[in-house]
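Chemist: This structure is in structure tokens; I'll ask about it shortly.
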Amino acid sequence: MTAAITAEQVWTALAAVPDPEIPVVSVTDMGMVREVSVDGGGRVTVTFTPTFSGCPALHVIRDSIGEAVRALGAAEVEVRSTLTPPWTTDWIGEDARERLRQYGIAPPSPAGDTGLITLDPELTRCPRCGSFNVRMTGSFGPTLCKRLYVCDACKEPFEGFKSV
Amino acid sequence: MTAPQTHAPTLTPELRAALIQKLTALADDEIVLAHRDSEWTGHAPILEEDIALANIAQDELGHATLFLELRRELDGSDADRLAFFRDAPDYRCARLVELPRGDWALTMLRQFLFDAYEALWLDAAQASTYAPLAQVAAKAVREEKFHLQHSALWVERLALGTEESRRRIQNALVTLWPHVAQLFVPLPEEAALVSAGLVPDLGAVRARWDGVVLRHLTDKCGLTLPEMPGEGDTTAGREVHTAHLPALLAEMQAVARAHPTAEVW
């Protein structure tokens, strides 16, 4: 049954596909879905971009995208990935940043064009009390996209998004 | 990792063969260094560093996957077959990354020396006339930046820390220094790739590397660069390895070779 699925329906469906490592945001919130196209025969093509090239959740994301589109009744689904342009945290939407903060993860600061050998990490504020009086305790965190911090104002340990 | 969307641009057979060799060497450096880093999992001095090094190893493997995917587009080879079913004589990694992990100082200093080389190579490779490689470089360089920040800070911390940490990092420098120059030795057919603008000139990468690394080691960290006769360990090519590589591969490849038909890992 090919009752004309629209690209808009696909985008809406993908907005409900969670990021497998940070389920409070979706793959569209993260800016990972780059393109959706539907041809006359009801064939859907979704192009996504990986956040980090070594991300172990890539195949989960690929499968979840395929499932979500098939659930709409698409005749055929192709999930492609692309590296260009490279993913940046600047693509994470405003409301998703707020949800990250409420979840206890400091959202990323603007990526900009930092030099290759900047030893100072980007400015980060505590997601709990908002203080900038924070210390980075680990420049790598439990997932590739995050670092570990402690807030010296409210004493809360927290994770912060790397700015990429 | 992905279905290719970019058809490999037309290359002459010579350039194609040279590019396959170069991509293999790039990937092999990453695979072997990632394995050395992963040996610290569960053994690093503190939990945060255990996590950090596991992350770095994962990134380097991710970069190896990107390079081997480019190779697959050229010759249809399979990344897992290349990683797990080649013996040491067929590996093209540099000897620097084969050396045993040593102590924490050696691990961090090697990572710093290599990260700086990789970051600067990737930065330059963003201008490759071979679009798929330029894209991969643009992706990977953004990740490499975090490795470099991390390892540079550790080198500084150890150099300016205690007498013991300083002794260890200086010893690590003496051990590793003779192996550094090999990173900047082109493969036999690499000159043609450079002329065609496909890959960066290693001499130019070296010049930038010297600026970043020597300044950090000496000015910032107060370390003494070892005297190095000539250009160090550069006479043998990448087909020549230390005695450490076969042992590393034996461990890394054991599971894959015990179950060569496994489809799910």
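Chemist: Among all the aspartates and glutamates, which ones have a C-alpha under 16 Å from B:Lys139's C-alpha, if same-chain residues fewer than 8 places away are not counted?
Modeler: Hits, sequence-local ones excluded: A:Asp90, A:Asp113, B:Glu30, B:Asp59, B:Glu60, B:Glu69, B:Asp115, B:Glu118, B:Asp123.
Chemist: For a Förster distance of 22 Å, can you work out the FRET efficiency between the beta-carbons of A:Arg135 and B:Leu160, rounded to the nearest 0.05?
Modeler: It comes to 0.70.
Chemist: What is the local net charge at B:Asn55, summed over the other residues whose Cβ is closer than 11 Å to its Cβ (Lys, Arg +1; Asp, Glu -1)?
Modeler: -4
Chemist: Any idea how far the Cα center of the stretch B:41-86 sits from the one of the stretch B:191-265, in Å?
Modeler: 15 Å
Chemist: Turning to a different aspect of this structure: Take the eigenvalues of the Cα gyration tensor for the stretch B:40-143, scale each by 5, and report the square roots as semi-axes in whole Å, largest first.
Modeler: 26, 18, 13
Chemist: Give me the net charge of B:Leu148's neighbourhood, meaning all other residues with Cβ under 9 Å from the Cβ of B:Leu148; Lys, Arg count +1, Asp, Glu -1.
Modeler: Value of the local net charge: -2.
Chemist: Please arrange B:Trp104, A:Trp91, B:Trp121 by accessible surface area, largest first, computed with a 1.4 Å probe and ligands excluded.
Modeler: Reading off the accessible areas and sorting them downward yields A:Trp91, B:Trp104, B:Trp121.
Chemist: Find the eigenvalues of the gyration tensor of the Cα atoms of the stretch A:8-68, then list the square roots of 5 times those eigenvalues as equivalent ellipsoid semi-axes, largest first, in whole angstrom.
Modeler: 20, 12, 10
Chemist: For a Förster distance of 41 Å, can you work out the FRET efficiency between the beta-carbons of B:Val255 and A:Gln102, rounded to the nearest 0.05?
Modeler: 0.45
Chemist: Could you pull the accessible area for A:Ile22 with a 1.4 Å probe, rounded to 10 Å²?
Modeler: Its accessible surface works out to 0 Å², give or take rounding.
Chemist: Can you return the lysines within cross-link range of B:Lys145? Criterion is Cα-Cα under 16 Å, with same-chain partners fewer than 8 residues away left out.
Modeler: List returned: A:Lys146, A:Lys162.
Chemist: Let me ask you something else. Provide Rg over Rh for chain B; use the alpha carbon set for both Rg and the Kirkwood Rh (inverse mean inverse pair distance).
Modeler: Dividing the radius of gyration by the Kirkwood radius yields 0.95.
Chemist: Next question, about the same structure. State the dimensionless ratio Rg/Rh of the stretch A:20-126 (Rg: radius of gyration of Cα atoms; Rh: Kirkwood radius).
Modeler: Dividing the radius of gyration by the Kirkwood radius yields 1.03.
Chemist: When the Kirkwood radius is taken over all Cα pairs of the protein assembly as shown, what Stokes-Einstein diffusion coefficient follows at 4 °C and 1.567 mPa s, in µm²/s?
Modeler: After rounding, the answer is 56 µm²/s.
The values are calculated or read from the model by the stated rules, or taken from the named source; none is laboratory data. Remember, it's a predicted structure, so these values are computed and weren't measured experimentally. Ideal geometry is used to build each Cβ from the backbone, glycine not excepted, and the neighbour counts take in all protein chains shown. These area figures cover heavy atoms from the full protein model, side chains too; ligands, DNA and RNA do not enter into them. Shrake-Rupley method; radii C 1.70, N 1.55, O 1.52, S 1.80 Å.
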